[in-house]
Structure formats: C-alpha cells, structure tokens
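K.L.:
Sharing a structure below in structure tokens format, with a few things to ask.
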Amino acid sequence: MSILFLVLGFLFDLSMAQLQQGGGPDEKEKTTALKDLLSRIDLDELMKKDEPPLEFPDTLEGFEYAFNENGQLRHVKTGEPFVFNYREDLHRWNQKRYEALGEIITKHVYELLEKDCDLQKVYLPIDASENEPKSFIFMSKDAMTNPDKILVLIHGSGVVRAGQWARRLIINEDLNSGTQIPYIKRAMEEGFAVIVLNPNENYIEVEKSKPLAQQQSPDGSDEPAEKRERKERILKDNKKRRDFYEKYRNPQKEKETMQLYIRENGSPEEHALYVWDNFISKAPAENVFFVAHSYGGLAFVELMIQREADVKSKVTAVALTDSVHNMWHQEANKTIREWMRENCCNWVSSSEPLDTSVESMLPDCPRVSAGTERHELTSWKSFSSIFKFFSDALEAKKTKTPTVPTRRSHRIKNEEL
C-alpha cells in the first residue's frame, strides 16, 4: 500500500476518533474540515498517481510474447500464457496493458489475412478522397469473378475487427478459436470466394485541436499595447494554473480525441449495406453464404429488411452463431421471417450436445446447440456443422425440382379467380 493511502487512513481514523470523543468547538471545527477534505478526494484519481506510466510496447516482440506452432500466445522466455494481472493492485494499468496488446493482435491478424490467407485489403468508401476517413474489408482475389459461390463473414460488436471472432480467445486460447482464419482457409479449399467484413471500423480518432485562444495570440490590433500585454499575461497565467491543476488531478491524463465517422460506414448496419451494394450484389457468384456472429446476425437481418428481394435472389444459406437479432424489434416482415426459417440456422450457446435442437420462444429461424455455453466460442465449436449445413443447402438447391401443385394451391388459385 502506498504512503498516500496510509496518510488517508490516518486522517480518516483521526477524524473518527475525534467524532467519538466529542470535544470543544475547535475540535469539532477541525473534524468538519477533515471530513470536508476527505469528501473532496477522488480515490480513482489518486490511484492514478501511483501508476507506472501508461506506455506500452507496440509489437509482440516488445511485449515478449509470440504465437507458437499451435497458434497459442506464449511468453518467449517462460513459455507461460498471457498474464493479465502483471502488476498487483493496478487493475486500470493492467487493463490498459491488455488493450495495448489487443491493438497489436488486431494488426497481427490483418497481416495473417493478407499473408497466410492471400486476401486483399480493399478501402472504403470506394470513392474516398485522399484525406477522407477510410475503413477497409478483405476479400479473396476471385471475389468479383468466382461464378459459383462466395462466403461472407461478419463478426460481432466490441473491439474485434476484420478476421476476428473474439480477442479474448486469441489471447487466452489460440488463433483457431478466436479468428476467422479456419473459415477462410476451409472455404477457399472448397472453391468459395471470400469477403471479410469489418463492421466495427466506423470512425477514426484524432486528437482534439486546442481552443482557438490557445492556438494564437489575441488579435489586439485595435487595443493599446499595455492592455494587450495584460490580456496575454492573464491568459498565460490562467493556462499555467490550469496545466498545474490538470497535472495534479490526473498525471496520466490521456489525450482528448474526437471521432470522425466514415462515410456510409458509420455503423455495423451501414457497413453491411454498403458492402452488399458495392461488392456482394455485384459479384457473379450464383450462391452467397453468410456466417454472422452475435451482433453480426442483427446486421444481416437489417440488410434483409433493406434489400429483401436482392438478398433472397442471391443468398443460398445463412449460418448465425449466437445471434442477437430480434425479428420483432427490427420489424422484419412476414416474408422475411418465412425466408429465414427456410434458409437460416442459429447455433446458440447451450449445454446440449452440438446440433441438438433448441426451442425458441419466438417464431424465428431454427436454433441448434453450438456445443458450448460460452458465447464467444460458438463460431468455432459449430465450424464443421456450418460447412455441412452449407453443403446440404447447395445440394438441395441443385436438386430442387419444380413445386408440384397441391390441393391447397389449387384452392387458392380458384379463390383468387
């Protein structure tokens, strides 16, 4: 425990003792002052003063970690898995360290998509100017030429980016369970083109510019020199006091940033729609397949609502993994709900064995167990079942025969006449 907290403890004990013993007006006044002082202390801010600097390596080598031959993150010297509590009693610092490592992991996965999976990075919007905020997706080289089939991957919400299912799994388990790479490689082996969406890359962060008064000296062309000098001196003194206070209040103050949203890609739903309009809908593939995890399922349903006819004409099957979509809240119409019951399946977190049917309270697409109770593992655990689902859907489409009119269809026609 730091000296700071020992002092605070002493002050607190002293004030409590004085309260219990009573005393004269002077003692009570001192106690009131002490209580007031304690009430003004922000313990979170004081804790920051005891932190090491929030400065972390920007490479895996700097962290002294590397992925082994099994895709597991291990310390290069000890061979141990990643340790979150690197420093005891410094949760905020440990969290910042974890986040810094996470950013390195994101870049590492991007490199794997390009080098190991041979995917191309494509920047969005496609007509962006040089200085405009941009996002990007990854696609196989045959994405816009493959006439047969294409697989589209959509991850969930949060810190994950293109190519990831769950950062936690990449760091604590392995690359296979936490990334989309197994899906990409399996799909390409089976003749699929691939498009990897990046629905959480919605804006760029830039440091906030300083207020105008701090950027330039006041324009005192119409003021006497003495008055102008006095103004400048006051501004300078105020800034000095403000900087001193900020340094005392928060010595580890992070840079203030602002968000510049990416045109037509400012949300996961917008991103999915943009990629559909500019790439998937224009791809020659006769069969489009989706794998959408968690919030990615909601983004797909929103895409269906916006482009129902187009989606129905191109999409052969959709595999959802613990999707958080809601047909009623998203106001999906009856024809969409019927199409999803026929062409979608949701592998949900469950204690039941893999592919066991799981009942739903709402009329939705079929739900089956992913063979795990862990939300972030559902995409990996259902991997083989999903590709079998796609294979069966493709086979059913190829062997589909014209619908034989039934008595009911004849009756409907007669009623219409």
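The values are calculated or read from the model by the stated rules, or taken from the named source; none is laboratory data. The model shown is predicted, which means the values in this text are computed figures rather than measured ones. For neighbour counting, all protein chains shown are included, and Cβ atoms are generated from backbone atoms with ideal geometry for every residue, glycine included. Each accessible area value is taken on the protein alone, full model and side chains, heavy atoms only, with ligands, DNA and RNA left out. Shrake-Rupley method; radii C 1.70, N 1.55, O 1.52, S 1.80 Å.
K.L.:
Using θ = phi - 60° and the Karplus form 6.51 cos²θ - 1.76 cosθ + 1.60, what ³J(HN,Hα) does each residue of region 177-187 get, whole Hz, x for Gly and Pro?
P.N.:
6, x, 10, 8, 4, x, 5, 5, 5, 5, 4
K.L.:
Same structure again: Calculate the FRET efficiency for GLU373 and VAL159 from the Cβ-Cβ distance with a Förster distance of 25 Å, rounded to the nearest 0.05. Provide the component values of the computation, followed by the final result.
P.N.:
On the way: r = 22 Å, r/R0 = 0.89.
After rounding, the FRET efficiency stands at 0.65.
K.L.:
Can you pull the percent of region 70-130's accessible area that's carbon plus sulfur, 1.4 Å probe, other chains left in place?
P.N.:
It is 45 percent, rounded to a whole number.
K.L.:
Applying the Karplus parametrisation 6.51 cos²θ - 1.76 cosθ + 1.60 with θ = phi - 60° to the phi angles of region 197-204, what ³J(HN,Hα) value in whole Hz is obtained for each residue in order, glycine and proline being reported as x?
P.N.:
The phi angles translate into 7, 9, x, 9, 8, 9, 7, 10 Hz.
K.L.:
Just to check I understand the Karplus step: with θ = phi - 60° and J = 6.51 cos²θ - 1.76 cosθ + 1.60, what whole-Hz values come out for region 284-299, glycine and proline as x?
P.N.:
With coefficients 6.51, -1.76 and 1.60, one gets x, 4, 6, 10, 10, 10, 10, 10, 10, 9, 6, 5, x, x, 5, 5 Hz.
K.L.:
I would also like to ask the following. Just to verify a number: FRET efficiency for ASP310 and MET361, C-beta to C-beta distance, R0 = 45 Å, to 0.05? If you can, show how the numbers build up before the last one.
P.N.:
Working: r = 30 Å, r/R0 = 0.67.
With a Förster radius of 45 Å, E is 0.90.
K.L.:
Here's a follow-up. Once both labels are modelled 7 Å past Cα along the beta-carbon direction, what's the VAL76-GLU352 spacing in nm?
P.N.:
About 4.8 nm, to one decimal.
K.L.:
Kindly work out what percent of the DSSP beta bridges joining two residues of region 297-395 are antiparallel, to the nearest 5. Don't skip to the answer; put the middle values down first.
P.N.:
Details: 1 of 8 bridges.
If I count the DSSP bridges inside region 297-395, around 10 percent turn out antiparallel.
K.L.:
Counting only other residues whose beta carbon sits under 14 Å from that of TYR123, what net charge do I get with K and R as +1, D and E as -1?
P.N.:
Details: positive: LYS121, LYS134, ARG263; negative: GLU114, ASP127, GLU130, GLU132, GLU201, GLU264.
Local net charge: -3.
K.L.:
Pop a pseudo-label 7 angstrom from the Cα along the beta-carbon direction at both LYS398 and ILE126 and give the gap in nm to one decimal.
P.N.:
3.0
K.L.:
If you stretched the chain out fully between PHE56 and ASN333, how much longer would it get, using 0.36 nm times the residue separation minus the C-alpha to C-alpha distance?
P.N.:
On the way: separation 277, 0.36 × 277 = 99.72 nm, distance 4.99 nm.
Going from the current span to full extension adds 94.7 nm.
K.L.:
What is the spin-label model distance, in nm, from GLU64 to GLU114 if the labels are put 7 Å beyond Cα along the C-beta direction?
P.N.:
Inter-label distance under the simple model: 3.0 nm.
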